[in-house]
1. Ranked highest first by the average count of other Cβ atoms within 10 Å around their residues, in what order do 249-260, 47-58, 186-197 fall?
2. Give the angle, between 0 and 90 degrees and rounded to the nearest 10, that separates the Cα long axis of helix 237-249 from the longest principal axis of the Cα atoms of the chain.
3. With the crude spin-label approximation of a point 7 Å out along Cα→Cβ, what separation in nm comes out for residue 51 versus residue 290?
4. For the stretch 244-313, what class follows from the C-alpha gyration tensor (a ≥ b ≥ c being the square roots of its eigenvalues): rounded when a/c is under 1.5, otherwise prolate if a/b is larger than b/c, else oblate?
5. Of the peptides 144-153, 229-238, how do they stack up when ordered by the mean number of other Cβ atoms within 10 Å, highest first?
6. Length gain on complete extension for the stretch residue 299 to residue 29, per 0.36 nm per residue less the alpha carbon to alpha carbon distance?
7. For the stretch 78-226, just say rounded, prolate or oblate: build the C-alpha gyration tensor, square-root its eigenvalues into a ≥ b ≥ c, call rounded for a/c under 1.5, and beyond that prolate if a/b exceeds b/c, oblate if not.
8. Based on C-alpha coordinates, I'd like the Rg and Dmax of the stretch 41-93, in Å.
Ligand SMILES: NC(=O)c1ccc[n+]([C@@H]2O[C@H](COP(=O)([O-])OP(=O)(O)OC[C@H]3O[C@@H](n4cnc5c(N)ncnc54)[C@H](OP(=O)(O)O)[C@@H]3O)[C@@H](O)[C@H]2O)c1
């Protein structure tokens, strides 16, 4: 049982990010002092939304310059904190060098933050933003599991440097975190493992999150002739923030938490937008046939390999989200709301090049 004192500052690494910004908002609204570790506090366009939120909330925010690959650079930000949220990690699938661009920052960054936790006596609990990507690589894997669903017991054993390296980076980073947690007794570790995060960004211009690229392709006409019916999970970014908060302040929180509201697929996600936005935007209405994807997929997108298509397209995604509901009291909002609010935010921010 770990009791966190709300009067002590709370560290959030990667505070500028899509997911972290909502967590920072939640902490500030609760009156907490947030130590926001960011790569460049002087880049005003990256932090302006956080300043605006802080100005209207009970809490306060203080920025620290830290980089995942710069050893010791989280020490100042962690001073006096009982609770550490480690969210920073590159979230992209478009990389040149997976080792340098994904694995190193994810794994060495986690080591860096946790080594600093070991040297900071105030730290009692660390929450790591892991991912369902640390549980599986291909949707088909859930069908081979005993209950036919992904659970917290399952670990990704199929991602590699050559196949789905983002998933590999999240798996290696989370595994290393548990190893380091077991090697000490000062702090406990809890991981939040979200599926695809959706919902309105607090600062879309600054976010490089791949979540929003998915939405952009749905609305800008890229997928107007059809969408690959890829099985995936979906969770609202605001619910992910609630999950992080609850994991931090629930004394008995423990282990991994699958944080996923809905078992769905890209076609269902696109169709959820039809009633409100279908007239004005070239949203896809149908699934692209699997045979067609097999034929042209590998030529149009280096990630759409035959292996990927075979194991993910027209394959139902299923995960068990009962642990987080029961232990942390998380309720997930309807998928339609997440999709509509995210899409509206993209419109408001003039993200779509082409309208239908
Ligand atoms: N979005 C999803 O669907 C999803 C699903 C499951 C898990 N996650 C996890 O959630 C976390 C946040 O992702 P997100 O979607 O919010 O993506 P994001 O908006 O791209 O945020 C990533 C954050 O990591 C920081 N970062 C990246 N490389 C860094 C480095 N070398 N040093 C310091 N900071 C660095 C970024 O800082 P800058 O602002 O300086 O670039 C940014 O604040 C990640 O751990 C991701 O794996 C995301």
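1. 186-197, 249-260, 47-58
2. 30 degrees
3. Simple spin-label model gives 5.2 nm for this pair.
4. oblate
5. My ranking of the peptides, most packed first, is 229-238, 144-153.
6. Full extension of this stretch gives 92.4 nm more.
7. prolate
8. Cα-based Rg and Dmax for the stretch 41-93 come out at 13.0, 37 Å.
Taken together, the values in this text are just the output of simple stated rules run on the coordinates, not laboratory data. As the structure is a computational prediction, the values presented were derived from the model and not from experiment. Cβ coordinates were reconstructed from backbone atoms using ideal geometry, including for glycine residues, and neighbour counts include every protein chain displayed.
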